[in-house]
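A.B. asks: Sharing a structure with you now.
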Amino acid sequence: TGLANVFREGDVLFGKLRPYLAKACQAPRDGVCSTELLVMQPAEALNPRFLLYELLTPDFVGAVDASTFGARMPRASWDFIGSLEIRLPPLETQSIIANYLDRETARIDRLIAAKERMLALLEEKRAALISRVVTRGLDPNVPLKPSGQEWLGEIPAHWQVQPIKYLAVVGNGSTPSVDNADYWDDQGYPWLNSSVVNVSPVTVASRFVTETALRECHLPKIQPPAVLVGITGQGKTRGMAAVLGVEATINQHLAFIKPRTQALCADYLCHLLGHAYAFLRSDSDGAGSTKGAITCEQLANMKIPVPPRCEQIEICARIGQSLAVSMPVRSKIQASLDLLTERRAALITAAVTGQIPPEEMGA
């Protein structure tokens, strides 16, 4: 297609898109890669592994990051990267540094991988608990019945199954013109974009709109309790849900689900939609829907299990108790993981800048 780079074994590959700027590797064999990767073929005076570590220093990544351009997918240019200067000690010293960092970063990477596995296991345990209680309730001996929904399976016999539209109002919002000063005000009404579904409950807005924007731009005023759902994009946000904790309005990449009766608890609905994440993703990619988007109509017609309200509250309390126990453990592991990541970056910087004498590196 012409949209590829050829590389040789030993070449260094560097990602030029902003989310991957700190990702670089040495090619294990000959091959072809996307043009979103820059192929670097070191000269004889430059050890490829030393170059790789040079590219991974925070200073180098930071300089490249600051040069990126493009709103949707910020990227760096080869012209800029090619103009950056790197340190070039004698080739023998480069080899000593590269060998030392190979050993030390491998050790740190093993510790990082272990911490990441622990976090993954905690997340699996959390997800399994939520999936079980939002679909089966808290009584392990309760009689079950088919739900009629493939993604749901069996549910307690006394629960109902109803479309969301029978229980809640579903809608979305818009993005007022950024060029119209009449629509935006730092002291205005909270306006949310789809990034907010990464944290629940949603209590903070990064931008605010005016009453004029609310009137003219299809912007609903949404009062808690309500649930927000990411409805567009190929990233993980599509299908994610969060409880709305403050009165706000939303953009077109979010849908809101506002319970209209006491029969549906917003917290329970949010946990249930978390269980339904894979279903929402696959359903929105299926025939008859907008590619890569969940529609408000799909959400409105989605059939969900509806336990008695008292059970919904008990289910949410049980989930809350579990999270209260696991979150401190998760936070401690994450803090340890962050320290290891910082240690790895600091070690690379210290080695390639000559702060560690060669004799301390096993020369």
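The values are calculated or read from the model by the stated rules, or taken from the named source; none is laboratory data. Predicted model, so just to flag it, every value in this text is computed and none were measured. No Cβ is skipped: glycine too gets one built from the backbone with ideal geometry, and neighbour counts run over all protein chains shown. SASA here: full protein model, heavy atoms, side chains in, ligands and nucleic acids out. Shrake-Rupley method; radii C 1.70, N 1.55, O 1.52, S 1.80 Å.
A.B. asks: Taking K and R as +1 and D and E as -1, what net charge do the other residues with C-beta under 13 Å from the C-beta of TYR268 add up to? Walk me through the numbers on the way to the answer.
C.D. replies: Values: positive: ARG309, ARG318; negative: ASP267, GLU311, GLU314.
Taking every other residue near TYR268 into account, the sum is -1.
A.B. asks: OK, next. With an 8 Å cut-off on Cα pairs and a minimum separation of 6 or more residues, tell me the relative contact order of the chain in percent.
C.D. replies: On the way: 585 pairs, mean separation 64.1, N = 363.
Computed value for the chain: 18 percent relative contact order.
A.B. asks: Another question about this same structure. Rounded to two decimals, what is Rg over Rh for the stretch 66-169 when you use alpha-carbon atoms and the Kirkwood radius?
C.D. replies: Answer for the stretch 66-169: 1.33.
A.B. asks: Starting from the eigenvalues of the Cα gyration tensor, five times each then square-rooted, give me the equivalent ellipsoid semi-axes of the stretch 119-208, largest first, whole Å.
C.D. replies: Rounded to whole Å, the semi-axes are 39, 19, 10.
A.B. asks: Which FRET efficiency value, to the nearest 0.05, is calculated for ASP186 and ALA43 with the Förster distance at 56 angstrom and r the Cβ-Cβ distance?
C.D. replies: Approximately 0.60, to the nearest 0.05.
A.B. asks: While we're on this one: On a C-alpha basis, how far is the centre of the stretch 20-67 from the centre of the stretch 209-241 in Å? Whole number, if you could?
C.D. replies: After rounding, the separation between the Cα centres reads 40 Å.
A.B. asks: Let me know the shape class of the stretch 190-311, please: from the alpha-carbon gyration tensor, a ≥ b ≥ c as square roots of the eigenvalues, rounded when a/c is under 1.5, otherwise prolate if a/b is greater than b/c, or oblate.
C.D. replies: Details: a/c = 1.70, a/b = 1.16, b/c = 1.47.
Oblate, since a/c reaches 1.5 and b/c is not below a/b.
A.B. asks: Now a separate question. So what is the relative contact order for the stretch 237-329, in percent, with contacts set as C-alpha pairs under 8 Å and at least six apart? Intermediate results must be reported in sequence, preceding the final value.
C.D. replies: Working: 52 pairs, mean separation 30.3, N = 93.
So the answer I get is 33 percent.
A.B. asks: Next question. Given a Förster distance of 22 Å, report the FRET efficiency between ARG87 and THR341 from their Cβ-Cβ distance, rounded to the nearest 0.05. All intermediate terms of the calculation are to be shown ahead of the outcome.
C.D. replies: Working: r = 23 Å, r/R0 = 1.03.
Given R0 = 22 Å and the Cβ-Cβ separation, E is 0.45.
A.B. asks: Another question, if that's okay. Would you mind calculating the relative contact order of the stretch 23-89 from Cα pairs under 8 angstrom and at least 6 residues apart, reporting the percent as a whole number?
C.D. replies: RCO, the stretch 23-89: 27 percent.
A.B. asks: Leaving out ligands, DNA and RNA, what percent of the accessible area of the chain is carbon and sulfur, probe 1.4 Å?
C.D. replies: Within the chain, the accessible surface is 54 percent carbon and sulfur.
A.B. asks: Ok, one more. Give, as a single signed number, the net charge of other residues whose beta carbon lies under 15 Å from the beta carbon of ILE96, with Lys and Arg counted +1 and Asp and Glu -1.
C.D. replies: Net charge in that neighbourhood comes out at -3.
A.B. asks: Which angle between 0 and 90 degrees, to the nearest 10, do you get for helix 266-275 versus the longest principal axis of the chain when only C-alpha atoms count?
C.D. replies: The helix 266-275 is inclined about 50 degrees to the chain.
A.B. asks: OK, next. Divide by every residue of the chain the summed helix terms, -39500 (n - 2.57) for each DSSP H run of at least 4, and state the resulting mean residue ellipticity at 222 nm, rounded to the nearest 500 deg cm²/dmol.
C.D. replies: Calculated mean residue ellipticity at 222 nm is -13500 deg cm²/dmol.
A.B. asks: Which of the residue pairs LYS236/LYS332; LYS16/LYS236; LYS236/LYS258; LYS23/LYS303 have a Cα-Cα distance greater than 32 Å in the structure shown? Numbers along the way, then the final one.
C.D. replies: Numbers: LYS236/LYS332 25 Å; LYS16/LYS236 21 Å; LYS236/LYS258 23 Å; LYS23/LYS303 42 Å.
Beyond 32 Å: LYS23/LYS303.
A.B. asks: So if I take the alpha carbon set of the stretch 224-274, get Rg, then get Rh from the Kirkwood formula, what is the Rg over Rh ratio?
C.D. replies: Rg/Rh: 0.97.
A.B. asks: What is the mean projected area of the alpha carbon convex hull for the chain, to one decimal in square nanometres?
C.D. replies: Numbers: hull surface 95.0 nm².
Result: 23.8 nm².
A.B. asks: Then there's this: Taking 0.36 nm per residue of separation and subtracting the Cα-Cα distance, what length does fully extending PHE208 through ALA278 add?
C.D. replies: Difference between extended and current length: 22.0 nm.
A.B. asks: Roughly how many whole Å is it from the C-alpha centroid of the stretch 92-135 to that of the stretch 290-353?
C.D. replies: 17 Å
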